[in-house]
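The structure under discussion appears below in the form of structure tokens.
The values are calculated or read from the model by the stated rules, or taken from the named source; none is laboratory data. Note that the structure is predicted; figures quoted are calculated from it, not measured. Virtual Cβ from ideal backbone geometry, glycine too; neighbours counted across all protein chains shown. All accessible areas refer to the heavy atoms of the entire protein, side chains included, with ligands and DNA or RNA removed. Shrake-Rupley method; radii C 1.70, N 1.55, O 1.52, S 1.80 Å.
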Amino acid sequence: WCDQLVGADGSRGVVNRIFQVARPRSRATAVEVEVPRRVLEAASRHVRPCFDFDYVKEGYGWVFPKRDYLSVGVYTLTRPATGLRERLAEYLDEKGFGSAGRESLGRLQGHSYGVGTRRLQPPECPVYLVGDAAGMAETITGEGIYYALESGRLAGETALGVAARKSVPNEYYRRVNQGILWDTRLSWHFSKLFYRHPEWWTSLLRFSPVWRPLLQGYAEGLPLYRCLLRAGALYLRSVRAA
């Protein structure tokens with residue numbers, strides 16, 4: 001028994017199935033492997049991080065180096081998401097991982113989660129749905145850590161206010177619907193444009209006035225719309241200066 005409940009049990013969690021708070025418009029799928037650096041051949045030990053947009057339909061492949069291993073995977077918005085293991089195997093070969101990459105497929109991990117949630121419907125009891133459980137993810141890349149942390153913060157603040165009789169549970173949903181979900185809706189619509197012509201958008205990302213403020217914005221934890229506004233303003237200034 002509890003007075004309040006925070007639903008942070010993931011994209012297929014039981015809390016949302018019971019209370020029907022979120023209804024994502026679609027689902028994204030990602031598969032990844034972690035290749036230990038110690039088993040890599042010398043030529044592959046210093047692979048650079050990369051995003052290869054359009055490697056799979058409506059998605060991308062990635063290599064993300066970490067201290068002891070490299071995370072390698074593919075992400076797609078296509079439904080149904082079939083053949084991803086085979087595409088990941090090809091991607092590992094193309095990136096030069098060799099036998100180490102093929103052996104890592106035995107440790108493949110898959111993730112499927114909701115994207116494009118329009119609004120959260122407040123239940124009649126003090127339940128706060130956060131993160132992947134509420135379909136809070138940036139649709140183009142699938143990134144959801146910022147939204148999980150921010151929604152968790154808002155849920156905590158609201159729960160404290162409710163316990164002190166200074167707030168009501170619906171305050172959480174008001175703030176999320178007007179804040180976080182405004183941003184995730186924007187990314188869902190923008191993803192349709194991006195993956196319709198990924199070659200055009202990736203060409204634009206090669207310009208320093210575009211990619212620098214985007215990366216800086218993500219590093220500062222800014223939502224997507226603020227990153228885009230910053231990149232657009234800087235790009236326009238560079239065009240006028242030229």
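List of remarks:
- The C-beta contact set for segment 69-96 (first residue under 12 Å from residue 32 (Cβ atoms), second residue aromatic (Phe, Trp, Tyr) and open to solvent by 80 Å² or more (accessible area, probe 1.4 Å), distance under 8 angstrom, 6+ apart or interchain) comprises 70/64; 71/64; 72/64.
- Out of 29, 117, 78, sole residue that is in a strand (DSSP E or B) and polar (S, T, N, Q): 29
- Output for segment 198-218, where each listed residue is within 20 Å of the chain's Cα centre (by Cα) and either open to solvent by 90 Å² or more (accessible area, probe 1.4 Å) or among the basic types (Lys, Arg) (or both): 212, 215, 216, 218
- Residue check for residue 173: part of a helix (DSSP H, G or I), modelled with pLDDT of 95 or more and surrounded by 19 or more Cβ atoms within 10 Å (Cβ to Cβ): yes
- Yes/no for residue 189 being under 27 Å from residue 153 (Cα atoms) and open to solvent by 50 Å² or more (accessible area, probe 1.4 Å): yes
- Note on segment 120-162: residues that are part of a loop (DSSP other than H, G, I, E, B), over 16 Å from residue 21 (Cα atoms) and not aliphatic (A, V, I, L, M) amount to 6.
- Scanning segment 149-175 for residues that are over 20 Å from residue 3 (Cβ atoms) and among the hydrophobic types (A, V, I, L, M, F, W, C) yields a count of 1.
- Filter result for residue 184 (assigned to a helix (DSSP H, G or I), more than 14 Å from residue 138 (Cα to Cα), touching an Asp or Glu at 6+ places or on another chain (Cβ under 8 Å) and open to solvent by less than 40 Å² (accessible area, probe 1.4 Å)): no
- Check on residue 153, modelled with pLDDT of 90 or more, at positive phi, open to solvent by 20 Å² or more (accessible area, probe 1.4 Å) and not hydrophobic (A, V, I, L, M, F, W, C): no
- Some residue of segment 114-129 being polar (S, T, N, Q), closer than 30 Å to residue 239 by Cα and touching a residue at least 60 places away in the same chain (Cβ under 8 Å): no
- In segment 38-54, the residues that are in a loop (DSSP other than H, G, I, E, B) and at pLDDT 70 or above: 40, 47, 48, 49, 54
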